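Only the coordinates and a few stated rules stand behind these numbers; no lab work does. As the structure is a prediction and not an experimental result, all values here were calculated from the model. Heads up, the Cβs are rebuilt from the backbone with ideal geometry, glycines too, and the neighbour counts pull from every protein chain shown.
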Amino acid sequence: MKIYISADMEGICGVVSSEHTARNGREHDRARIWMTEEVNAAAQGALDAGADEVIVNDSHGTMANIILEALHPSAQLITGSPKRYSMVEGLDDSCDAAVFIGYHAMAGTGGVLCHTYEETVEYVKLNEMEVGETGLNAGVAGYYGVPLVCVSGDDVLCDEASQLIPGIHTVKVKTALSRNAALCMPLKSVHELITSSVREALDHRADIEPLVFTTPVLLEVRFADPRYADVASSIPGVKRIDPKTYTYMCDDYLIAFDVFRSMINMGC
């Protein structure tokens, strides 16, 4: 059994500000340790469930945050950036299930450090449903027939994932008090809960359907400022519906994901 783990940082227990998430942040090195430990807990849960291969994709910022020498000895690491498929690089139909660790809620929700890929994005919709990184990335997994079985993050992220994917297992590692404050669980308890939740989710993975968006896929991206949207007009096939908003429609989810990534990369 091959298990894929995508690991972000904003949803890691203890992480609440850019001092944790930014490469030059004073608390970044501590956050890297916490991130690595939560990934290790998820990897252990996968192994306990019978996995014989665990692939971890570092999915935050520079995507070179996880401490390799401290990573679980049975896990392989995808690190560095740029990567064609960013937070889901390496996820394909050879995987049996996906787990997202340290994820955060979508832009505008009030979750800890909430956003959708970039601060320049106000919202993203797929087939008229607003989604965050969990939905966008789970859609790639679903494209390959891979179920997203477990996510960890704050309470807002857990609610978002539960509404999106029936039966998904969620691990609440902190409760959002504001965008930059949270009530955090003890780290040991977090690690134990992640391990047990991932194990249980994988034991029941057959009960969780892959997230598949019906085609044609309608992508809608609204930027926070028209200046960010202006540059997206050069992407073939996009339609500008107001100064800050573009839509794009196609019959292939992976192409829609590519277009979304191109939009925000250009907007940045």
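Annotations
- Quarter of the Cα convex hull surface for segment 59-201, i.e. its orientation-mean projected area (nm²): 9.1 nm²
- If you take the alpha carbon atoms of the chain and fit the smallest convex hull around them, that volume is 111 Å³ per residue.
- Across the chain, the relative contact order, built from alpha-carbon pairs under 8 Å that are at least six residues apart, equals 20 percent.
- Bins of 5 Å from zero: percent of alpha-carbon pairs in segment 3-124: 2, 12, 21, 24, 21, 12, 6, 2, 0
- Residues T120, T79, T215, sorted so that the one with the fewest Cβ neighbours within 10 Å comes first: T215, T79, T120
- Treating each Cα of segment 110-183 as an identical point scatterer and summing with the Debye formula, the log10 of I(q)/I(0) at q = 0.17, 0.22, 0.25, 0.27 Å⁻¹ comes to -0.67, -1.06, -1.25, -1.33.
- Top positive-direction residue, dipole computed over segment 51-106 with Cβ charges, set T79, T62, G102: T62
- Segment 158-268, relative contact order in percent, only Cα pairs under 8 angstrom and at least six apart counted: 21 percent
- Cβ-placed point charges (K, R +1; D, E -1), dipole of segment 45-183 about Cα centre in debye, nearest 20: 240 debye
- Among P210, P226, P147, the residue with the largest mean-square fluctuation in a Gaussian network model of the chain, with springs joining Cα atoms closer than 10 Å, is P226.
- Dipole axis of the chain (+1 Lys, Arg; -1 Asp, Glu on Cβ), positive-most option in V140, T36, V238: V238
- The order of L148, L193, going from fewest to most other C-beta atoms within 10 Å of their C-beta, is L193, L148.
- Cα gyration tensor shape of segment 157-199, rounded if a/c is under 1.5, else prolate or oblate by comparing a/b with b/c: oblate
- For the chain, built as a Gaussian network whose Cα springs stay under 10 Å, the top-fluctuating residue of E192, E37, E89: E192
- Charged-residue dipole, Cβ positions (Lys, Arg, Asp, Glu), segment 102-230 about Cα centre, Debye nearest 20: 320 debye
- Difference of contour (0.36 nm per residue) and Cα-Cα distance, D252 to H204: 14.4 nm
- Order of H28, H104 under a 10 Å beta carbon neighbour criterion, fewest first: H28, H104
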